[in-house]
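Please treat every number below as a calculation from the coordinates, not as lab data. It should be emphasised that the depicted structure is a prediction, and the values quoted were computed from it without experimental measurement. We place every Cβ from the backbone using ideal geometry, glycine too, and count neighbours over all the protein chains shown.
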There are 2 protein chains.
Amino acid sequence: MAARSDSIQALAEMLLSRELRLVTAESCTGGGVAAALTDMPGSSSWFECGFVTYSNEAKIRYLDVPLATIEQFGAVSEETVRAMVRGAVNNSLGDVAVAISGIAGPSGGSLEKPVGTVWFAWGSDEAQMTQCCQFQGDREAVREQAVTEAIQGLCRWLAS
Amino acid sequence: MAARSDSIQALAEMLLSRELRLVTAESCTGGGVAAALTDMPGSSSWFECGFVTYSNEAKIRYLDVPLATIEQFGAVSEETVRAMVRGAVNNSLGDVAVAISGIAGPSGGSLEKPVGTVWFAWGSDEAQMTQCCQFQGDREAVREQAVTEAIQGLCRWLAS
């Protein structure tokens with residue numbers, strides 16, 4: 001986890017220097033991103049809050065994801081993670097958010113979206129960067145890779 | 001972590017058999033409880049959502065913790081974790097909640113509340129069980145012990 005903690009250190013420095021506060025909106029990682037970030041001493045200076053929106057109802061209630069978005073594109077989709085980022089920023093005192101929604105398995109996969117499919121969005125209310133990954137391995141491996149990617153993506157978005 | 005996964009298995013069975021959905025409200029554990037619980041395949045059947053309310057503002061906004069409670073007793077107090085449980089249940093579709101607020105360190109400790117002090121509450125809107133633990137070790141050790149205690153306390157509360 002040395003690479004991950006280096007990423008978190010870099011992320012913390014970028015957030016602090018730009019006086020930005022971070023919010024997490026997690027589905028398949030279930031709080032793993034928030035837990036990894038707040039492992040760092042002093043993270044309360046830049047970590048605002050986190051939402052673990054496992055159910056669709058929670059995505060709608062706390063993150064204002066439109067029900068129509070979930071119904072049309074699915075909870076694991078670019079449109080949903082974009083909406084999660086916007087909702088996380090708009091419904092909090094945070095400036096920047098990361099959203100993750102995927103299929104960690106072992107069940108829930110389909111031909112179109114097999115187990116290991118994870119959508120990410122990083123950004124603010126105004127602009128988001130998105131990405132879809134197809135991770136290999138079991139539930140734990142998918143979640144671990146998703147946590148790492150979520151954090152590295154935040155660094156890329158802030159550096160861009 | 002074998003003991004912890006046994007506890008989560010027992011917790012899942014109790015929640016499922018009683019058709020209860022669980023909500024987490026975490027401060028010092030930073031999402032670690034939600035992450036541990038959702039490591040279990042099928043947890044979406046009983047895990048509703050989680051709040052990582054690191055800032056006081058987030059505790060007030062999402063969990064309806066009265067500002068007066070935080071000002072009078074502190075964020076790390078029995079009164080605050082009780083309010084967090086009530087707010088988590090009332091502001092979600094969950095029936096049962098666990099709340100954790102503590103001082104993971106390395107800074108933030110005081111004579112009265114040294115590093116390692118962690119308050120827990122488990123329960124519903126109507127009734128809560130509370131406990132204060134004084135954990136030893138560094139930030140990571142305090143957080144790990146707090147995650148385990150949070151889960152074991154849920155089992156005790158449901159079995160009581």
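For this structure, a couple of remarks:
- Beta bridge orientation in chain A: antiparallel %, DSSP, nearest 5: 55
- The Kirkwood hydrodynamic radius of the protein assembly as shown, based on inverse pair distances between different Cα atoms, is 19.2 Å.
- Each copy carries B:Gly109; placing its label point 7 Å along the C-beta direction from Cα gives inter-copy distances of 4.6 nm, listed from smallest up.
- Alpha-carbon radius of gyration plus Dmax, which is the widest Cα pair, for the stretch A:84-160 in Å: 13.2, 39
- The mean number of partner chain beta-carbon atoms within 10 angstrom of a residue's beta-carbon across peptide A:50-63 is 6.
- Column: log10 I(q)/I(0), Debye, Cα scatterers of chain B, q = 0.15, 0.16, 0.18 Å⁻¹: -0.71, -0.81, -1.02
- When DSSP beta bridges are restricted to pairs lying wholly in the protein assembly as shown, around 60% turn out antiparallel.
- Distance between the stretch A:1-74 and the stretch B:1-76 - C-alpha centres, whole angstrom: 16
- Placing a label point 7 Å from the Cα of A:Leu67 along the Cα-to-Cβ direction, the distances to the matching points in the other copies come to 3.5 nm, shortest first.
- Cβ-derived FRET efficiency at R0 35 Å, B:Ala3 paired with B:Asp64, nearest 0.05: 0.55
- Note on A:Ile103, B:Ile100, A:Ile60: ascending count of other Cβ atoms within 10 Å places them as A:Ile60, A:Ile103, B:Ile100, the fewest first.
- Extension gain, A:Ser110 to A:Asp138, is 8.5 nm, computed as 0.36 nm per intervening residue step minus the present C-alpha separation.
- Cα gyration tensor shape for the stretch B:112-155, rounded if a/c is under 1.5, else prolate or oblate: oblate
- Peptides A:106-115, A:90-99 ordered by average Cβ neighbours within 10 Å, highest first: A:90-99, A:106-115
- Closest-to-axis residue of chain B (Cβ criterion, axis taking B to A), whole Å: B:Gly31, 2
- Computed helical MRE - 222 nm, chain A, DSSP H runs ≥ 4 contributing -39500 (n - 2.57), nearest 500: -14000 deg cm²/dmol
- Counting from the shortest, the label point at B:Ala2, 7 Å from Cα toward Cβ, is 3.1 nm from the same position in each remaining copy.
- Contact order for chain A, expressed relative to its length and based on alpha carbon pairs under 8 Å spaced 6+ residues apart, stands at 25 percent.
- Distance between the modelled labels on B:Arg156 and A:Met129, one decimal in nanometres: 4.6 nm (7 Å Cα→Cβ projection).
- Filtered trypsin sites (Lys or Arg not before Pro), the stretch A:1-37: DSSP coil and at most 15 other beta carbons within 10 Å: A:Arg18
- Anchor B:Lys59: lysines whose Cα lies under 20 Å away (excluding residues fewer than 8 positions away in-chain): A:Lys59, B:Lys113
- Ordered by the count of other Cβ atoms within 10 Å of each Cβ, fewest first, B:Val33, A:Val85 give A:Val85, B:Val33.
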